[in-house]
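A.B. asks: Pasting a structure below so you can have a look.
Any read-out appearing in this document is the output of simple, stated calculations on the displayed coordinates, not a laboratory observation. Because the structure is predicted, anything quoted here is derived from the model rather than measured. Neighbour counts run over all protein chains shown; Cβ positions are idealised from the backbone, glycine included.
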Amino acid sequence: MASTNPQESVRDHSPLPKVLVPNKPRSFYTIGEEPFTSTKFQYLKAYESPLPLDQFLATHAHSVKAILSSASAPVTADLLQLLPTVRLVVTTSAGLNQIDLPECRRRGIAVANVANVYSADVADLAVGLLIDVLRKISASNRYVKQGNWPTRGDYPLGSKLGGKRVGIVGLGNIGYEVTKRLEAFGCCISYNSRKKKPYVSYPFYENVCELAANCDALIICCGLTDQTHHLINKEVLSALGKKGVIVNIGRGPIIDEKEMVRCLMEGEIAGAGLDVFENEPDVAKDFFALDNVVLSPHCAVFTPESMKDLSELVVGNLVAFFSNKPLLSEYVDE
Amino acid sequence: MESIGVLMTCPPNFPYLVEELEKRFTLYKLQNAPDKTHFINSHKNSIRAVVGNAGFGADAELIDQLPKLEIVSSFSVGLDKVDLPKCKEKRIRVTNTPDVLTNDVADLAIGLMLAVLRRLCESDRYVRSGKWKKGDYKLTTKFTGKSVGIIGLGRIGMAIATRAEAFSCPISYYARTEKPDVKYRYYPSVIELAANCQILVVACALTEETHHIVNREVMNALGPKGVLINIGRGPHVDEPELVSALLEGRLGGAGLDVFEDEPNVPEPLFGLENVVLLPHVGSGTVETRKAMADLVVGNLEAHFFKKPLLTPVV
């Protein structure tokens, strides 16, 4: 309300615009909430309320314009139904599979993703997992730390990375960062993606099975969608072959995990490096008996550097939105 | 050539190398002999070549016991276990296995950097122990963009540099002399290099000058957030000092493929989550070991057929 009294203006507490946080993002746990705060908006934390979500929303969230989504806070059609004033979803996760994108599009709700803040860290982990599997780093570190080197002798030989044909499944930001790194190791890159990319000269395979048949290693860098669910199936694994290796830094359900475990146990593929699983954090016990598998607890993005960059991007997007400025990282489906 | 005796001073563990040597020569396996001195004495007049590796070579004592020795062909690129001055003096040829293992060793150096900074081995252990069900793993350190300091910018050092560059790591180095056409920053001492990088990697040859080149002062300069990677030789690093630096937190982490007394590794390192320990596998791939064996055999054949040696050092 306008006031001619200056004193009144100073005490005029216009409510800050609210951002609904249905569930606490993992990044709030890892670096605390403070880096994500701003004087330009406030968080409406549903998870701090004893009320069930729909009641909480009915009571507190009737004019909320933005939602902070994460892996633990999906944005479904049902949720959006309860929040008719929402115009923006900002996510802290690299993946967008927890957001009903068609529904957002239908309602004219913008989605802000993480752009490139995670790409280097995820690419680093993908390369690390590939080297680990081929050169048996985790397995031989275990061997030494268990005191086996003096008693059992040298560890079995690994496999050379240089010259390996590596197939990237999904050549987005992350996939591209992976290729930049692997080129320096002398790998031969090819890829499968929804569309051929004009800015790279790597061989493109329209069919992921054909890609697998022509590669020694597959690196899964794509997002999880209806089309990519169980994209890596029995046929693809068979095409990859007995000497083939698979690395997954995308989403667990992109691979038919049961089939992959069977292939690993029966020697139908040579090894795997996995940061994601179908039923996290419940990892199939069959993996534990395998020395040719490197397991990572879905932590590709969790470095202080990425978390700091993420917090700046999240705040930047929300501040831009509430100031009617263009978003820093709006997701546009190609 | 079956009458030519070749003494293998290293354990005869690589079947391909043993087979290829046995096809062409009479192979004497020193490690299998119950009485090594007696064994050498019995065969000294037929032994014209020695095949060694990173761990077992030809020292002055052995060379003196082999009057017919003409060539030492090492199954390694490092020749710290071969008495080179003695070989020169006695006009004994020496060959090694350069180039074929450069990429594998460089790959492993980067693998160790990623394993230490991103805690690959520890988080694998975390999952296998069932702990992930109880909570997420903690934050690890980003590798991309970290400054990498290389001790020794030879073939392996350069290969490590080009790989690290793909991760946007600024590169600096120490070498005996500054290299004129190299774009990386040079430091005239190891301690200055260590003070100015986050990841220090040992990639030089082991000589009298480079023994314990990474000492307490260097480790302190590298610091509590610094990581040491050793893919050179164990004696490059003062190992007891390394252990206390890690236990006391004066050094942030280490990735080690080599040790002062292989295969013995200091046990206090076993429980450290910021340390990765590998059983000297720098060149340990099927492809590279075969290529190394071919070079060893090729050098011996060249010598005995009076052709130019493939990869002579002396």
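A.B. asks: Using the C-alpha atoms of region B:101-277, what convex hull volume per residue, in cubic angstrom, is computed? Don't jump to the answer; show the numbers that get you there.
C.D. replies: Details: hull volume 20.8 nm³, N = 177.
Measuring per residue, one finds 117 Å³ for the Cα hull of region B:101-277.
A.B. asks: Evaluate Rg over Rh across chain B, taking Cα atoms for both radii and Kirkwood's formula for Rh.
C.D. replies: 1.02
A.B. asks: Follow-up. For the protein assembly as shown, compute the orientation-averaged projected area of the C-alpha convex hull (one quarter of its surface), in nm². Walk me through the numbers on the way to the answer.
C.D. replies: Numbers: hull surface 139.8 nm².
For the Cα atoms of the protein assembly as shown, the hull's average projected area reads 34.9 nm².
A.B. asks: Once each part is reduced to its C-alpha centroid, what is the distance from region A:235-259 to region B:41-110 in angstrom?
C.D. replies: 44 Å
A.B. asks: Neighbouring Cβ atoms within 10 Å as the yardstick, rank A:Arg181, A:Arg107 fewest first.
C.D. replies: Numbers: A:Arg181 22, A:Arg107 15.
Going from sparsest to densest Cβ surroundings: A:Arg107, A:Arg181.
A.B. asks: Can you list the DSSP H helices in chain B whose Cα atoms extend at least 18 Å along the helix axis and whose mean Kyte-Doolittle hydropathy is 1.0 or higher? Can you show the working numbers first?
C.D. replies: On the way: long enough: B:102-117 (23 Å, 1.49); B:286-304 (27 Å, 0.19).
Passing helices, by number: B:102-117.
A.B. asks: Hey, got the average number of other protein chain Cβ atoms within 10 angstrom for residues in B:282-290? Could the numbers behind the result be given before it?
C.D. replies: Values: counts 1, 2, 10, 9, 5, 8, 5, 2, 1.
Taking the mean over all residues of the peptide, I get 5.
A.B. asks: Post the alpha-carbon centroid distance, region A:41-105 to region B:122-173, in whole angstrom.
C.D. replies: 37 Å
A.B. asks: With equal scatterers on the alpha carbons only and no solvent term, can you work out the Debye log10 of I(q)/I(0) for chain A at 0.07 1/Å?
C.D. replies: Values, matching the q order: -0.35.
A.B. asks: Structure shown: which of B:Lys68/B:Lys307; A:Lys136/A:Lys243; A:Lys242/B:Lys23; B:Lys68/B:Lys306; B:Lys179/B:Lys225 lie over 22 Å apart, alpha-carbon to alpha-carbon?
C.D. replies: Values: B:Lys68/B:Lys307 19 Å; A:Lys136/A:Lys243 14 Å; A:Lys242/B:Lys23 31 Å; B:Lys68/B:Lys306 16 Å; B:Lys179/B:Lys225 28 Å.
With Cα atoms farther than 22 Å apart: A:Lys242/B:Lys23; B:Lys179/B:Lys225.
A.B. asks: Which trypsin sites (Lys or Arg not before Pro) does region A:31-96 hold that lie in a coil by DSSP with at most 15 other beta carbons within 10 Å? Spell out each step's value before the answer.
C.D. replies: Working: sites: A:Lys40, A:Lys45, A:Lys65, A:Arg87; in loops: A:Lys40, A:Lys65, A:Arg87.
Here the trypsin sites (Lys or Arg not before Pro) that fit, given the DSSP loop and packing criteria, are A:Lys40, A:Arg87.
A.B. asks: At 7 Å along Cα-to-Cβ for each site, give me the label-to-label distance between B:Glu89 and B:Lys179 in nm.
C.D. replies: Distance between the two pseudo-spin positions: 3.4 nm.
A.B. asks: For chain B, modelled as a GNM with alpha-carbon contacts under 10 angstrom, which of B:Thr26, B:Thr144, B:Thr37 fluctuates the most?
C.D. replies: The residue that fluctuates most here is B:Thr37.
A.B. asks: Moving to a separate point now. Within 10 Å of each Cβ in B:301-307, how many Cβ atoms from other chains are there, averaged over the peptide?
C.D. replies: Numbers: counts 0, 0, 0, 0, 0, 0, 0.
If you average over the peptide's residues, the count of other-chain Cβ atoms is 0.
A.B. asks: Starting from the Cα of B:Lys131, draw a straight line to each of the aspartates and glutamates and keep only those under 20 Å, dropping any in the same chain fewer than 8 residues away.
C.D. replies: By straight Cα distance, B:Lys131 reaches A:Asp275, A:Glu278, A:Glu280, A:Asp282, A:Asp286, A:Asp291, B:Glu122, B:Glu273.
A.B. asks: Under 20 Å from a point placed 7 Å out from the Cα of A:Ala58 along the Cα-to-Cβ direction: which residues of region A:66-93 have their backbone N that close?
C.D. replies: Flagged as within label range: A:76-86.
A.B. asks: What trypsin sites (Lys or Arg not before Pro) in region B:92-148 are in a loop by DSSP, with at most 11 other Cβ atoms within 10 Å of the Cβ?
C.D. replies: On the way: sites: B:Arg93, B:Arg118, B:Arg119, B:Arg125, B:Arg128, B:Lys131, B:Lys133, B:Lys134, B:Lys138, B:Lys142, B:Lys146; in loops: B:Arg118, B:Arg119, B:Lys134, B:Lys138, B:Lys142, B:Lys146.
Answer in residue order: B:Lys134.
A.B. asks: Could you list the GluC sites (Glu not before Pro) in region B:207-247 that lie in coil according to DSSP, counting only those with at most 10 other Cβ atoms within 10 Å of their Cβ?
C.D. replies: Values: sites: B:Glu208, B:Glu209, B:Glu217, B:Glu241; in loops: B:Glu208, B:Glu209.
Taking region B:207-247 and a limit of 10 other Cβ atoms within 10 Å, the loop GluC sites (Glu not before Pro) found are B:Glu208, B:Glu209.
A.B. asks: Using the alpha-carbon centroid of each, what span in Å lies between region A:274-334 and region A:145-160?
C.D. replies: 35 Å
A.B. asks: A follow-up question, please. If you count, for every residue in A:257-263, the Cβ atoms of partner chains within 10 Å of its Cβ, what is the mean?
C.D. replies: On the way: counts 0, 0, 0, 0, 0, 0, 0.
Shielding by partners across A:257-263 averages 0.
A.B. asks: Grab the DSSP H runs of the protein assembly as shown that are 4 residues or longer, score each as -39,500 (n - 2.57), total them, divide by all residues and round the 222 nm result to the nearest 500 deg cm²/dmol. Write out the running numbers ahead of the final one.
C.D. replies: Details: 24 runs with 221 residues, N = 648.
When only DSSP H runs of four or more count, the value is -9500 deg cm²/dmol.
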